[in-house]
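A short reminder: the numbers here are calculations on the coordinates, not readings from a lab. All values reported here derive from a predicted model rather than from experimental measurement. Ideal geometry is used to build each Cβ from the backbone, glycine not excepted, and the neighbour counts take in all protein chains shown.
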Amino acid sequence: MDQKLFDVFPTRRDLLRLGGYGLGGAFASNALFTPQLRAAGKSNPRGSARYVVVIELAGAISHLDTFDFKESAGTPKDLDVRPIKNDLYLSHRLFPELSKEMDSVAIVRSMWSHEVVHFRGQYYSQAGRPLNPGIVNEIPAVGSVIAHELESQRRETDTFPTYVGCNLDTAGCGALSTGFLHPRHSVVDINFRGGLGDTNVDGEAAKLLEERYRLLSQLDKATGAARDGRDRTMSAFRDFQNSAYRILGDPRWPKAFNMLADEKTRYGDNEVGLGCLLARNLIQADAGTRYIHITHPGWDHHARIFTHSAKSNHYLLCNQFDRGMANLMRDLAAAPSPRDPGKTLFDETLIVMATEFGRTPGALNGNAGRHHYNPCYLSMYAGGGVKGGRIVGKTDADGTKTIDNGWKYKRFPPKTENLYATIYSALGIDWCKEITNTPSKRAYRYVDILGATEFAMDDEIMDLFV
């Protein structure tokens, strides 16, 4: 009986789900067009980072119990809140590790969200704009836009995908597609709940893979003329096959998934801990990955938010996030940059904590939890040129409303649009660009000023850097 590749290497399909949910959306007939770009405003990208890691707390962290602490009737007695610096008080019970690193972290406390439900909020967190059902199929994930923009910077040795996701399929909206952009800009989404499996391709498996790929290439060449100009779906799929083949042949790929037991213990053997550990490995590999979006699910605590016996609560999830982000910062700060002897990988990496909205202030509700709250919440930033120790914006005494937006736009609070303008700027991308030849003929602006219900400024949060 002929031996099949999956007899030798059974877990490849599960591990390399190239594109995840993004693959299907990228097969639209208009997915292979050449975008026509133009400037839609003035920007001055700072180019202070080579890499970006977004840690999305899906479900929404309680701003007033964490990084914008406000004591209230709902405050647990065991938080052990301690002064850190200036107006920053932090629970040592929730954040024992990040409490030591806050001189390197900047906080924006004046965020305002267009959204107040999870599906739309998590879409907003990936797309950088509110959901518009009329054109949803053509809207790319921000990670895909970044992959499109940075394609010209890819080297011959860059085999890793530019855009990697961790646990995106645990979000309510799943992993977004590339929309009207080319399928090669899709995400490779790694689901840690499913386990990593075996990531090595060597020996007999490698020989079988090489032979199968050689035969496939010959078949494609023989039939290519008949499909020329007609079969755009097959062309897109071939691109995914080529990318997968290059990854499988690169020994740096399995090494990135080689997570030692002590490292898992230090980072945490959970979605955010393993995501941060993988992000560190991908950045250290310097093999083409530039943007990593980690989803940390489970933060929707309408009930039992601080009940120790609950299966999920803020004690558990804050501790998981705390260890993951703090150790990512430390390891990158200890690793010298291969490009600039005077810098570390932390200097070259912008780490962002994002979430959908906040939680209701004051006393806990009847179920000992907190509901959704969008008038004010927070985001956090570290590395990549950010001035640590900064606090942008201010809320009132109980965290109900913003009393100072903290930046030059006094009438407009920062939004997710501005979070992504900041990311674009750090990567050296002009966030004021727009693509004019979209399928709907409606210009796609990298940062859209026309939000769902309120105008959004198309600017970075410059106060994080200066």
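Things worth noting here:
- Calculated on the Cα set of segment 322-442, radius of gyration then Dmax: 18.4, 56 Å.
- Protection-proxy order for peptides 258-268, 355-365, each taking the mean of Cβ atoms within 10 Å per residue, highest first: 355-365, 258-268
- As a rough guide to protection, the peptides 68-79, 420-431 ranked by mean Cβ packing within 10 Å, highest first, stand as 420-431, 68-79.
- Counting all C-alpha pairs of segment 290-379, share separated by more than 17 Å (%): 61 percent
- Ranked list, fewest to most other Cβ atoms within 10 Å of each Cβ, for LYS415, LYS433, LYS394: LYS394, LYS433, LYS415
- Ranking of ILE107, ILE403 by neighbouring Cβ atoms within 10 Å, starting from the fewest: ILE403, ILE107.
- Zone of GLU151's modelled label, taken as backbone nitrogen in segment 171-189 under 15 Å from a point 7 Å along Cα→Cβ: 178-187
- Of all lysines in the structure, those lying under 18 Å Cα to Cα from LYS401, and not within fewer than 8 positions of it along the same chain, are LYS70, LYS410, LYS415.
- Scaling the Cα radius of gyration of segment 42-118 by the globular reference 2.2 N^0.38 Å produces a ratio of 1.35.
- Segment 88-162: C-alpha pair distances exceeding 19 Å, %: 62 percent
- Two-site FRET efficiency, VAL136 against LYS408, from Cβ-Cβ distance with R₀ of 25 Å, rounded to 0.05: 0.15
- Volume in Å³ per residue [convex hull over Cα atoms, computed for segment 371-461]: 134 Å³
- Set of segment 146-169 residues, backbone N closer than 16 Å to the point 7 Å along the Cα-Cβ line of LYS255: 157-161
- Segment 58-122: relative contact order as a whole-number percent, Cα under 8 Å and 6+ apart: 26 percent
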